[in-house]
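What follows is a single structure, written as structure tokens, with notes after it.
Bear in mind that the values in this text are calculations on the coordinates, not laboratory data. Just so we're clear, the structure is a prediction, and the values are computed from it rather than from any experiment. Please note: Cβ atoms are built from the backbone with ideal geometry, for glycine as well, and neighbour counts cover all protein chains shown.
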Amino acid sequence: MRRSKVLAAAAAILTLLTGASLCAAAVTLYTDGLARRAAAGSSTLPIFTRELVGQRLLWVLPVAGVWAAVMIAAALTGRADGTARRSVSRNPEIVLTLLSARLDALPEAAIKEQAFRRRIAVLAGTVIALCAWLAAVWLLDAEHFANRDPEEVMGPLLIHVLPPAALALAGVYLTSCILDSSREREIGILTAEPRIRGAQKVRVPMESVRETERLCLVRGLLFGLAAALILRGVLNGGMRDVLIKAINICTECIGLG
């Protein structure tokens, strides 16, 4: 197995672990805060503080550090051995476009795959729209934001909005996997056509490869910068300020309250 594949698998696993660690830290932070309020008998005791959030982030920091190192190593290894370039040349959409251009008429099996992808896209869009509707119904109910304490509002908000949002994201990921599999099947159908023998090695213009590589680099830099700024905002107490301002905008300026 190539080094790049091992690193890619490790990056995927560490991504899931980092996300799970962040979710666990957020949930335990909120539940512990509620327990402290109940023990102190005070509803004004803050649930989120800079010190408490910093402690939870220290739990996640080792996993996140390893994840960042593996992501960088995977990117550098893929670039060094040409994996990134081959992945671009095997982009299913690009390959299908080039293969289809070499045929006067698509075979029946390829047409069926395209119809299958359209049905999956419609089904996924319906599920995502339903999830968005469920979240919007709760968000648009002004009674849910009658409490002026942002910490009291955030708990129910996450409980009612996070599950449909997570379901929608899972639907997007699953749909992407199904559509990619369908595209690969269509590529196999087209490359098996006698009129297009030898098309398995479709070459993509180098301009497209370089443009995609530059785009991936810019995305990576922006992602790293965003993560660093978010972490800085959490540690200096800006998270609570932003949350209060957002709630005030919704309840006062827009008039949801």
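Between Val6 and Thr191, the distance separating the two model label sites (each 7 Å from Cα on the Cα→Cβ line) works out to 2.7 nm. Ranked from largest, the principal axis spans of the Cα set of the stretch 105-203 equal 69, 23, 16 Å. The order of Cys177, Cys23, going from fewest to most other C-beta atoms within 10 Å of their C-beta, is Cys177, Cys23. When the stretch 105-203 is described by a simple charge dipole with +1 on each Lys and Arg Cβ and -1 on each Asp and Glu Cβ, the residue from Val137, Leu167, Ala109 located farthest towards its positive end is Ala109. The dipole here belongs to the stretch 105-203: it is taken about the Cα centre, uses +1 on the Cβ of Lys and Arg and -1 on the Cβ of Asp and Glu, and is about 980 debye. Once the C-beta distance of Trp133 and Ala166 is scaled by a Förster radius of 22 Å, the resulting FRET efficiency is 0.90 to the nearest 0.05.
With R₀ fixed at 35 Å, the C-beta to C-beta distance from Leu45 to Arg119 puts the FRET efficiency at about 0.10.
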